[in-house]
Amino acid sequence: MLKISHIFDADQITRLLDSTRDSSREKIEKILQKTKKMKGLNLEEAATLINADDSYTDAMFKTAGYIKSEIYGERLVLFAPLYVSNYCVNDCDYCGFHARNKEKRIKLSLKEVEEQTRILINMGHKRLLLEFGEHPKKCPIEYVIDVIKTIYNVKEGRGEIRRVNVNIAATSAEDYKKLKAAEIGTYQLFQETYHRKTYEEIHKGPKANFERQLFAHDRAFEAGIDDVGLGVLYGLYDWKFDTLALLSHAFYLDNKYGVGPHTFSVPRLQSAPTVDKEWMYAVSEEELLKIIAILRMAVPYTGMIISTRERPEIREKAFELGISQTSAASQTSPGGYGKEKALNQFMTSDERSVDEVIEKILDDGFLPSFCTACYRLGRTGQDFMDIAKPGEIHNFCRPNAILTLKEYLEDYASKRSKAKGLEIIDKYVKQIPSESIRNRTINRLKLIEKGERDLYF
């Protein structure tokens, strides 16, 4: 029988945080040297870095940046969230969708889902993250499946959505089997906080069941979903405790299933409609960057996501430290793209368009990517980990990122972004180590110029 202690041990985490408070310089530097081998860290080593004082921050940032570059290269994958319904039976203290919020609720019709999808395609997006409030009557699993099918069937010009990732409330293995059959990408679910007392105090409704939330990824694996995302909503509880618990959860999945989390998400608490609670564990921007660096060092192979909750300046620093996926031009209300805004789940801090985000990414020397090849070729779960853990993933990702950027430049980019993007493509084509793949990439770039789409390795 699955127990909480199989996934993380709260007492052990507290002991580790206490015992590593005054670690020697020699010990800290030895751990930093170990991380450069890109084999990850154990909980005690991670706790030591968590407790390291600010004099080590620069060294941690440089090390994390090195690891990110070695494993994920220069690419940044872009996506958009699509909020489909804000009906919710839960009353969570931090969320604008909480049940006591009496503002008007919206559930998109399938026609409206199609309209929102067309808008997102015309921005240049190729992958979406679906978001639903939890409501068994308004949003049953059958509706979720219909939404996914609708999105996949939308074609707009030369574009389409090629991968749909899903964030729905913890559910049954049977429902996860239905999501798997609908060909979702990653199933994403955050624990919010691993501190049980805090978790149960701030949640009311079905989500208040701590074990239902914690064991959801096991049910997803049982159902055949081998691509899962973990996360913490930083600011609900002490970030040091939650970060160690998040790592413990990742180690547990890797040990049990041979497949660690495909992604970590690192959202921070932001203001939300009718949320007036004061939070005592607020996480600063500098602390968030330290969290990202530690996660990158501790689990080098796992993708990391940052959203438009954060200011552009912080997002750009995070890209250097370990972030490999980012949202762009996000709306957090159902029907929010191109229409009057409805009830938001939370407020965003980066209001730039997709093209503005891409232009800045290009200015910083990164390679924007809309790639979905791994999902569609079955490079998920164990197959993905076999190439991600040794740092070989960017051998596929660089050429695929180049091809998807070329599509964006041909179909959606402004003149300025296109000019900058072509320079970046030329730069990174030359860095493809395999002559065969480099030549095939060049040939496919020419095919894209002639109108072909969806070419990938």
task: Inspect all residues belonging to the stretch 106-115 and state whether any of them is in contact (Cβ under 8 Å) with a residue 12 or more places away in the chain and in contact with a His (Cβ under 9 Å, 6 or more places away or on another chain).
output: yes
- request: Working only within the stretch 190-225, note down all residues that are of a type outside the set (S, T, N, Q), within 22 Å of N255 (Cα to Cα) and crowded, with 22+ Cβ neighbours inside 10 Å.
  value: Y194, L214, H217, A220, I225
task: Evaluate the following for K37: is it out of contact with any Asp or Glu (no Cβ under 6 Å at 6 or more places or on another chain), of a type in the set (K, R) and not in a loop (DSSP other than H, G, I, E, B)?
output: no
field: First in the stretch 79-91 and within 16 Å of Y152 (Cα to Cα), second anywhere and among the basic types (K, R) and surrounded by fewer than 24 Cβ atoms within 10 Å (Cβ to Cβ), Cβ under 6 Å, 6 or more apart
entry: F79/R127
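What about L247, is it crowded, with 23+ Cβ neighbours inside 10 Å and either free of Cβ contacts under 8 Å to residues at least 24 places away in the same chain or assigned to a helix (DSSP H, G or I) (or both)?
Yes, satisfied.
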message: Under 9 Å between Cβ atoms, which residue pairs at least 6 apart in sequence (or on different chains) link something in the stretch 1-21 that is at pLDDT below 95 with a partner that is surrounded by 15 or more Cβ atoms within 10 Å (Cβ to Cβ) and aliphatic (A, V, I, L, M)?
response: none
statement: Note: among K39, K62, just one is closer than 20 Å to L289 by Cα, surrounded by fewer than 17 Cβ atoms within 10 Å (Cβ to Cβ) and not assigned by TED's automatic domain parsing to the domain that holds H125, namely K62
message: If I filter the stretch 318-327 for residues that are part of a loop (DSSP other than H, G, I, E, B), of a type in the set (G, A, S) and out of contact with any helix residue (DSSP H, G or I) (no Cβ under 7 Å at 6 or more places or on another chain), do I get at least one hit?
response: no
Meets criteria (modelled with pLDDT of 95 or more and of a type in the set (S, T, N, Q)) for T263: yes
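The values are calculated or read from the model by the stated rules, or taken from the named source; none is laboratory data. None of the values given here were measured: they were computed from a predicted structure. Don't worry about glycine lacking a Cβ; one is built from the backbone with ideal geometry, like all the others, and counts go over all protein chains shown.
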